[in-house]
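The values are calculated or read from the model by the stated rules, or taken from the named source; none is laboratory data. If you're wondering where the values come from, they're calculated on a predicted model, not measured in any experiment. Reconstructed Cβ throughout: ideal geometry from the backbone, glycine too, with neighbour counts over all protein chains shown.
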Amino acid sequence: MCKTKNDELLLRISELDDELKNAHLTSEYAALQAKTIANITKKKEQKLEAQVRVLKTNLDRTRGINREQLKNVESNYAELIATAEELDVANTDKGARLAELVIANQEKDARAAELVIANQEKDARAAELVIAKEKLVCENEEKDARLAALAIANQEKDARAAELVIANQEKDARAAELVIANKELAFQNDQKEARAIELESAGEKVKATLQEKEVLLREIHHRVKNNLQIISSMLSLQARVEPDAASRKALVECQRRVKVMARIHESLHQSNNVTAVDARDYINAIVADTVDSSQINSQKVKTLVEVDKINIDIDTAIVCGQIFSELFSNCIKHAFPDDRSGSIKVTMRRDERGRMELKVVDDGIGLLEGFNIHKSATLGMKLVGALTTQLNGEINIDGSCGTSVWITFKGKK
Amino acid sequence: MMIKKRVLIVEDQAITAFDESEIMRELGYEVTGIAMSAEEAIMQSHRDLPDLILMDIELSGEMNGLQATLIIRERDNIPVIYVTAYGDKTVSVSGNLPIPDGIGYIVKPFDKEELRREVERVLCLSSSENL
């Protein structure tokens, strides 16, 4: 037994020994392997260091390049910003310019439209001018013809001028004669001037005398009127104390007739002419007097006076005025009874032969049937008849429609 | 009873003045007096203060009716009617003559009717002015 155990131990020792040897070998291999790895690592380190150095160099170079590039970029950036600002400014300008251009464009459009119209007008004008030109050509031809005629006339005038030169010489001779005659006339003129001065002074004296006479005449007319007023007042006072109505009426009628006489002096007193009166003023004055003195309503009975501006001499005027006053007061008193309304028309005119016509027409009640002026019993109509005879005149009466009375007589020139 | 309006007559012709005063009385006026000259007219009008004066223009004495009227109108403002041989009936009737306020105009020879109309016209105007 011990022997088997021993053998096993011996066997075990030999196995262990083998294992030890293997272990030694493994360790050696591992050491060798480690050594190899160290070597490889060392080489790799060296290689890596070399690579690092290269890389470092590259890095430095790259950095340098980068710095430069950075600088370049910065400067480029600044430039770009400046450029951008400039562009901004330029852009704004361009905006304003654009607006201006838009306006300008619109103006140009408007102008273009105007030009189109102007063009049309010019076309029309051109057409007119063409016509005018044709007309001018025609006129020109006429003028040429006229010029030719004038040339002939000119030659005639030249001939006439030559004649005139001769005539002029004759006139010079005549002028010399006239100078002599002129001197004679100047001498005569001086004499006449002296005479004219004498005449002027005489004329002034005559004028002064005439003025004096006119003043005196006016004064006389004034006095006559005052005296006629006294007569009128006497008649009025007498009428007032007269108990008989018919007598009172007669006195009032006389007062009216005196007044007609006074009016003629008034007209002479007023006018520049002291020997003739204006028929229109005179008739108007008598109409106004008669209407004022009557009880007639002038609103109901209208009077129309149509008298030409005629100058009549004082003698005719007094007679004519008396006739008219009788006729007109007859109208007022008798034509419109019982507050009747109507009108009276008075006309007076002178015809071409110098014959005067005085007419009084009313649209009143008219004349009584069978009325005859020559047989009339009233004083008024008797006076009218007598006064017409004094004027060598004629009297006509028509009482068919209202009453018309007209007198014709030859007026003195 | 209605109080009569009082009138002064200025006229140097006695017959005319008498006629005027008779007519005025007939028309219902009281005649305060008759003055024959402008001086008398000024004195009487200031003393009696009439409602109206009938004034002739041509008067005997130093002054005429126009001068007297100026003084009377200035002092007592009494309406005046000129009764005169001067003038033109047609002009005064048609109103072309510039007659001042408070002044009337009658051309001689006058009659009752003319006097009545002008006196009434001037008195009516002056009373409407005094209202």
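Identify the single condition in (1) over 24 Å from A:Ile314 (Cβ atoms); (2) assigned to a helix (DSSP H, G or I) that A:Thr389 does not satisfy, given that it satisfies every other one.
That leaves (1) as the condition not met.
Tell me, yes or no, whether the stretch A:263-271 has at least one residue that is more than 14 Å from chain B (Cβ to nearest Cβ) and modelled with pLDDT under 90.
Looking for residues that are more than 14 Å from chain B (Cβ to nearest Cβ) and modelled with pLDDT under 90, one finds none in the stretch A:263-271, hence no.
Please indicate, with yes or no, whether at least one residue in the stretch A:274-282 is within 11 Å of chain B (Cβ to nearest Cβ), within 30 Å of A:Phe336 (Cα to Cα) and in contact with a helix residue (DSSP H, G or I) (Cβ under 6 Å, 6 or more places away or on another chain).
Within the stretch A:274-282, one or more residues are within 11 Å of chain B (Cβ to nearest Cβ), within 30 Å of A:Phe336 (Cα to Cα) and in contact with a helix residue (DSSP H, G or I) (Cβ under 6 Å, 6 or more places away or on another chain).
Please determine, by comparing only the residues of the stretch A:291-302 that are more than 8 Å from every other protein chain (Cβ to nearest Cβ) and out of contact with any Cys (no Cβ under 9 Å at 6 or more places or on another chain), which one is nearest to A:Val215 (Cα to Cα).
Going through the qualifying residues, I end up with A:Val291.
Suppose we keep only residues that are away from chain A (no Cβ under 14 Å) and in contact (Cβ under 8 Å) with a residue 12 or more places away in the chain within the stretch B:1-21. Which one would you say is surrounded by the fewest Cβ atoms within 10 Å (Cβ to Cβ)?
Applying the first criterion (away from chain A (no Cβ under 14 Å)) to the stretch B:1-21 yields B:1-8, B:10.
Restricting the remaining residues to those that are in contact (Cβ under 8 Å) with a residue 12 or more places away in the chain gives B:4-8, B:10.
Numbers: B:Lys4: 13, B:Lys5: 17, B:Arg6: 16, B:Val7: 23, B:Leu8: 26, B:Val10: 30.
Per the criteria, the residue is B:Lys4.
Would you mind telling me which numbered condition in (1) surrounded by fewer than 16 Cβ atoms within 10 Å (Cβ to Cβ); (2) under 55 Å from the mean Cα position of the chain (by Cα); (3) not aromatic (Phe, Trp, Tyr) A:Arg223 fails?
So A:Arg223 meets the others, but not (2).
Can you go through A:Ile397, A:Ile344 and tell me which one is in contact with a Phe, Trp or Tyr (Cβ under 9 Å, 6 or more places away or on another chain), part of a strand (DSSP E or B) and at pLDDT 90 or above?
A:Ile344
Give all pairs with beta carbons closer than 6 Å in which a residue from the stretch A:220-237 that is within 7 Å of chain B (Cβ to nearest Cβ) and modelled with pLDDT under 90 meets a residue that is outside any helix (DSSP H, G or I) and buried (at least 18 other Cβ atoms within 10 Å of the Cβ); count only pairs at least 6 apart in sequence or on separate chains.
A:His222/B:Ala85; A:Lys225/B:Ala85; A:Lys225/B:Lys108; A:Asn226/B:Ala85
Go through the stretch A:363-380 residue by residue and tally those that are within 21 Å of A:Arg256 (Cα to Cα) and touching a helix residue (DSSP H, G or I) at 6+ places or on another chain (Cβ under 6 Å).
1
Let me spell it out: the conditions are (1) surrounded by fewer than 19 Cβ atoms within 10 Å (Cβ to Cβ); (2) within 14 Å of chain A (Cβ to nearest Cβ); (3) in contact (Cβ under 8 Å) with a residue 60 or more places away in the chain, and B:Met24 meets all of them except one. Which number is the exception?
(1)
With A:Gly380, A:Gly393, A:Gly364, A:Gly321 as the choices, which residue is touching a Pro at 6+ places or on another chain (Cβ under 9 Å) and among the small types (Gly, Ala, Ser)?
A:Gly364
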